[in-house]
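Beneath this line is the structure, given in structure tokens, with notes to follow.
Just so it is clear, none of the values below were taken in a lab; they were calculated from the coordinates. Keep in mind that this is a model prediction, so the values were computed, not measured. Quick reminder, even Gly has a Cβ in these numbers, built from the backbone with ideal geometry, and neighbours come from all protein chains shown.
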Amino acid sequence: MNELMVYAMWDTEAGVWVATSEDVPGLATEADAVEKLIAKLKVMIPELLEANGYPLEAEVPFRLEAARTERASVV
């Protein structure tokens, strides 16, 4: 299986990372820390792929690209 792409954006108002993927049908999840998000993805990705009829191997490689925009104040 090719490496799957997962994208995460920081939602400032909610205070969470929101992850989605075009490679994993139905994937939409959130967590307040990237480490927690990765833990959720390790469970959800194989479950969603299986539910959508994709053949699974022993491991499902995925890449998480996370983006967060911040502002720095000039003093």
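So how do Val34, Val75, Val24 line up by other beta-carbon neighbours within 10 Å, fewest first?
Values: Val34 15, Val75 3, Val24 23.
Starting with the residue having the fewest Cβ neighbours, the order is Val75, Val34, Val24.
Antiparallel as a % of all DSSP beta bridges within the range 7-75, to the nearest 5?
Values: 9 of 12 bridges.
Given both bridge residues lie in the range 7-75, the antiparallel proportion sits at roughly 75 percent.
Give the range of the longest stretch in the chain that excludes all GluC sites (Glu not before Pro) found in loop regions by DSSP and having at most 12 other beta-carbon atoms within 10 Å. Walk me through the intermediate numbers first.
On the way: sites that count: Glu3, Glu13, Glu22, Glu57, Glu59, Glu70.
Longest stretch, sites excluded: 23-56.
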- Taking the Cα atoms only, what angle lies between the long axis of helix 34-51 and the longest principal axis of the chain, rounded to 10 degrees? 30 degrees
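What stretch of the chain, leaving out the sites themselves, is the longest with no trypsin sites (Lys or Arg not before Pro) in a DSSP loop having at most 14 other Cβ atoms within 10 Å?
On the way: sites that count: Arg68, Arg71.
It runs 1-67.
For the chain, what does -39500 (n - 2.57) per DSSP helix run (n ≥ 4), summed and divided by total residues, give at 222 nm, in deg cm²/dmol to the nearest 500?
On the way: 1 runs with 18 residues, N = 75.
Value at 222 nm, helices only, nearest 500: -8000 deg cm²/dmol.
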